[in-house]
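The values are calculated or read from the model by the stated rules, or taken from the named source; none is laboratory data. These numbers were taken from a predicted model, which means no experiment stands behind them. Backbone-built Cβ (ideal geometry, glycine too); neighbour counts: all protein chains shown.
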C-alpha cells in the first residue's frame, strides 16, 4: 500500500453498518419523559449599552459643541464648569438644560460647578447611603 493509498484510507469516512435495532428495545416515551418544556424565545430590547462617559471642561460658551455632540449620540456627559466665568456658566447651563429637555434626558447637579447630563436610555442609580441622593 503506497502513501497515497494510506492517506486516502484515513480521509475516507468509515462506512460501517450501524445496527439501529439495538435502540428499538426501549419505548420512545422513556427518552422524552424527563425533558422540560422549551421556553419560547423573546427578543431583547435594543437599549444602547453605555461603554463610556464623556467628561468635558467647558470654559467658554463657544465650547458647548464639545459636549452637545457626545450627548446627542447617547453618551452621558460630566460637565465641569469650574473654569468658566459666571456669565458663561449661566449660558452654558441654560444651553445644557435645553439640550437635555429636548432629548428627554436628565440634568443632575453633582457639585456647584459639575453637572451630569444623562440620556433617556441611561438610568441613574444612587448607592452607599441610607437615604438616596437626589441629584436632580
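Which condition breaks for residue 56 when tested against (1) in a helix (DSSP H, G or I); (2) at pLDDT 90 or above; (3) surrounded by 13 or more Cβ atoms within 10 Å (Cβ to Cβ)?
The single condition residue 56 does not satisfy is (1).
Filter the range 89-118 for residues that are touching a strand residue (DSSP E or B) at 6+ places or on another chain (Cβ under 9 Å) and in a helix (DSSP H, G or I) and give the result.
Result: 92, 93, 96, 97, 99, 100, 101.
Of all residues in the range 69-88, which are more than 19 Å from the chain's Cα centre (by Cα) and in a loop (DSSP other than H, G, I, E, B)?
Those that are more than 19 Å from the chain's Cα centre (by Cα) and in a loop (DSSP other than H, G, I, E, B): 81, 82, 83, 84, 85.
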